[in-house]
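Written out below as structure tokens is the structure these notes cover.
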Amino acid sequence: MPEVDPRDDTIARWVVLHYRYDPERHERRNVIIAVYNNEAEFTEAITDYGRQIRRETAQGTRDTNERVHGETWGPGYHAEQVRRRILSAAISRGVDPRQLRNRGVLPSNTALLGPGLAGTLSSVTHDDAPAPPAA
């Protein structure tokens, strides 16, 4: 099964994640195990890896809190996450987030609500924001 680069934001990716203790970061977190551009290969890999974890857990060689699961990352997923982090950081520092709407499409689960210039309620959603500037 050929894997793809998880950072390739131009394609849809099926990502196999393993929730486990990460000794480098000294915390439990989701660790990327494999990334595929084909759902059938992803399903096969997640089934095989899940069986392995269950078998090793039953043998006592793995932590019982470990699990395997998957996510689908569409094209542009990482770029959207970067915009979400910038928006969140701006709001936490008291910056008017409407100033950021011209820097690209808002994350898909985001809407900005607030008073408009004439004192009326204004809103901007993912679908209303302008497209990101061409690179």
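Could you run the Debye sum over the Cα atoms of segment 13-73, one equal point scatterer each and no solvent, and tell me log10 of I(q)/I(0) at q = 0.20, 0.22 Å⁻¹, two decimals?
Taking Cα atoms of segment 13-73 as identical point scatterers yields -0.75, -0.86.
Looking at A45, P23, A58, which one has the Cα that reaches farthest to the positive end of the dipole of segment 13-73 (charges on Cβ: Lys, Arg +1; Asp, Glu -1)?
Checked the options; the winner is A58.
Round to the nearest 0.05 the FRET efficiency obtained for H69 and D8 when R0 = 30 Å and r is the Cβ-Cβ distance. If you can, show how the numbers build up before the last one.
Values: r = 21 Å, r/R0 = 0.70.
Result of the calculation: an efficiency of 0.90.
May I ask you to compute the full-extension gain from A79 to S108, defined as 0.36 nm times their residue separation minus their alpha-carbon distance, rounded to one decimal in nm?
Values: separation 29, 0.36 × 29 = 10.44 nm, distance 1.16 nm.
Roughly 9.3 nm would be gained on extension.
If you keep only loop residues by DSSP, which GluC sites (Glu not before Pro) in segment 1-36 have at most 10 other Cβ atoms within 10 Å of their Cβ?
On the way: sites: E3, E24, E27; in loops: E3, E24.
Loop-located and lightly packed - E24.
Every number here is computed from the coordinates shown, using simple stated rules; none is lab data. On a predicted model such as this, the values are computed, not experimentally measured, just so you know. Here the Cβ is made from the backbone with ideal geometry for all residues, glycine too, and neighbour counts use every protein chain on show.
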